[in-house]
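Each reported figure results from applying straightforward, stated rules to the coordinates on display, with no laboratory input. In this text, all values refer to a predicted model and were calculated from it rather than measured experimentally. We place every Cβ from the backbone using ideal geometry, glycine too, and count neighbours over all the protein chains shown.
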Amino acid sequence: MRRKWIWIVAAIVVFLGIGAVKSNQDKKAAEESRSMVAATVETVAPTATPKPTAKPTATPAPKPEPTPELTVIEAAPVVTEAPVTRSAERTWVLNTNTGKFHIPSCSSVSQMKDTNKLEFTGTREDVIAMGYQPCGKCHP
């Protein structure tokens, strides 16, 4: 409420032109009106705005949520298979220069010189036992 009066007084001051005083008589009149306005503002007692009182309400206690029942599902038995053996006889391409062995469709086979190529039919274990290492591209 007090702020409202201050705005009203400020509007009156601007409207009457009290802020822009030119002569001594105008100054005296302006001071008188300012003192009257100030006295009016001081005599108006601000009214206390009643604050709403909140009535305490009982908050309901949270209901515990039912926990879902856990059901045990038996898993199927894990079957461990023997690793796939590459013991079947195949045709391998051996590189006598590098000591690597390849499958015939490997791209490295086409890059080998014919003098370094050697075809071998047997198991993977046989080729490794001969001292050859598997190719890094075709992973035989």
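At a glance:
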quantity	calculated
For the stretch 90-134, alpha-carbon Rg and Dmax in angstrom	9.4, 25
Ordering of 129-137, 91-99, 107-115 by burial proxy (mean other Cβ atoms within 10 Å per residue, highest first)	91-99, 129-137, 107-115
